[in-house]
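Participant: Take a look at the following structure, please.
The values are calculated or read from the model by the stated rules, or taken from the named source; none is laboratory data. These numbers come from a predicted model, not from an experiment. Here the Cβ is made from the backbone with ideal geometry for all residues, glycine too, and neighbour counts use every protein chain on show. Areas reflect the complete protein model, heavy atoms only, side chains present, ligands, DNA and RNA absent. Shrake-Rupley method; radii C 1.70, N 1.55, O 1.52, S 1.80 Å.
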Amino acid sequence: RAIRLRHARMSDAKRLLDRRAILKQFDAASGTYDESAVLQQRVRQQMIDRLDWIAFTPETILDLGCGTGHAALALGGRWPKARVLAVDFAPGMLRELARHDRYSRCERLCADARSLPLQDASVDLVFCNLMLPWCEDLDAVFTEIARVLRPRGLLSFTTFGPDTLIELRAAWQEADEATHVHPFTDMHDIGDGLIRAGLSEPVLDVSRFTLTYPDVGALMRDLKAIGSQNAASDRPRGLTTRSRMNAVEKAYEAYRSDGVLPATHEIVFGQAWGAVERRDR
């Protein structure tokens, strides 16, 4: 499917996210993350399976937004001679990785995806599972990835599409006009951003995953347990009133099927290659 290039930068209309809140949420969730990150685990395995389609042997692997590090460990097991860098900006997540990594297989780095402490053209594979939804300026992140990727190095990533948590977003809109689910970037805008960053041959596709819950409270507890709470800068502050929560629960009931409530997640799978160096003529 062709990617249509637009001229406007994503950052011209970038999502206004509260970075401090995101860091606090993911750091606090580090101890409960693995128990509740069912979707993240399923998507991670599909990403790893897709690497079977590509014939290459990376020497240096970067798991960007590594969380508790299961992808970094799996990739290290897949390519045991590779150097594996596990990067996250939440110290708690890296502490959890240290607990899992009994043989110190991964090099752990606490860093911002917009400013990686890595040399230019030093990485063969950037693996990035569901980290991008929490990045306000995707142009800056893609540019940094393009910088550290070697020519013909591979970026493999997933992110949330706009229909993620569409039921929860609609239910909140019945209760008030505030932002309760922060916005996610459209697949075509992501493709445009990859091209602007100098990455080549982007390929993107979308899959839908539906998790089910007995009630809205269970969904919200799951989101909190993995740090995936609303991070919009204009999100409501303070406690939600009981009457407003009742309105959300009532509106969400319209989606109940077979005794459970669905929570849709639109997952964008993407890959792109590091640009081949141009030779002077």
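Participant: Taking θ as phi - 60°, what are the ³J(HN,Hα) couplings along region 227-232 by the Karplus curve (6.51, -1.76, 1.60), each to the nearest whole Hz, with x for Gly and Pro?
Facilitator: These are the phi-based 3J(HN,Hα) values: x, 8, 8, 4, 10, 4 Hz.
Participant: Something else about it: Which value results when the Cα radius of gyration for the chain is divided by 2.2 N^0.38 Å?
Facilitator: Output field value: 1.02.
Participant: How large is the accessible surface per residue of region 34-86, computed with a 1.4 Å probe and reported in Å² as a whole number?
Facilitator: Heavy-atom SASA per residue in region 34-86 reads 46 Å².
Participant: Using only Cα atoms, locate the centre of region 17-76 and the centre of region 177-243, then give the distance between them in Å, rounded to an integer.
Facilitator: Distance between centres, Cα-based: 16 Å.
Participant: Quick check for you: with a 1.4 Å probe and neighbouring chains kept, what is the accessible area per residue of region 156-230, in Å²?
Facilitator: Each residue of region 156-230 exposes 40 Å² on average to a 1.4 Å probe.
Participant: Can I ask one more? Out of all DSSP beta bridges in the chain, what portion is antiparallel? Express it as a percent rounded to 5.
Facilitator: Here the antiparallel bridges make up roughly 55 percent for the chain.
Participant: Using 0.36 nm times the number of residues separating residue 260 and residue 195, minus their current alpha carbon distance, what extension gain do you get?
Facilitator: Separation in residues times 0.36 nm, less the Cα-Cα distance, equals 19.3 nm.
Participant: Leaving ligands, DNA and RNA out of it, report the carbon-plus-sulfur percent of the accessible area of the chain at a 1.4 Å probe.
Facilitator: Answer for the chain is 48 percent, counting heavy atoms of protein chains only.
Participant: Please report, in debye to the nearest 20, how large the charge dipole of the chain is about its Cα centre when each Lys and Arg carries +1 at its beta carbon and each Asp and Glu carries -1 there.
Facilitator: Result for the chain is approximately 540 debye, rounded to the nearest 20.
Participant: Provide the FRET efficiency to the nearest 0.05 for the residue 173-residue 253 pair, computing r from the beta carbons and using R0 = 22 Å.
Facilitator: Efficiency computed from Cβ-Cβ geometry: 0.90.
Participant: Applying the Karplus parametrisation 6.51 cos²θ - 1.76 cosθ + 1.60 with θ = phi - 60° to the phi angles of region 105-115, what ³J(HN,Hα) value in whole Hz is obtained for each residue in order, glycine and proline being reported as x?
Facilitator: Result, rounded to whole Hz: 6, 10, 8, 9, 10, 8, 7, 8, 4, 7, 8.
Participant: If I model a spin label at residue 81 and residue 50 as a point 7 Å from the Cα along the Cα→Cβ vector, what separation in nanometres do I get?
Facilitator: With each label placed 7 Å out from Cα toward Cβ, I get 2.7 nm.
Participant: Amide H of residue 112 versus every other amide H placed in the peptide plane: which residues, excluding those fewer than 5 positions away on the same chain, fall under 5 Å?
Facilitator: Those qualifying (amide H under 5 Å, at least 5 residues apart or on another chain) number zero.
Participant: Still on this structure, I have one more. Would you check the accessible area of residue 120, probe 1.4 Å, heavy atoms only, in square angstrom rounded to 10?
Facilitator: My reading of the accessible area for residue 120 is about 100 Å².
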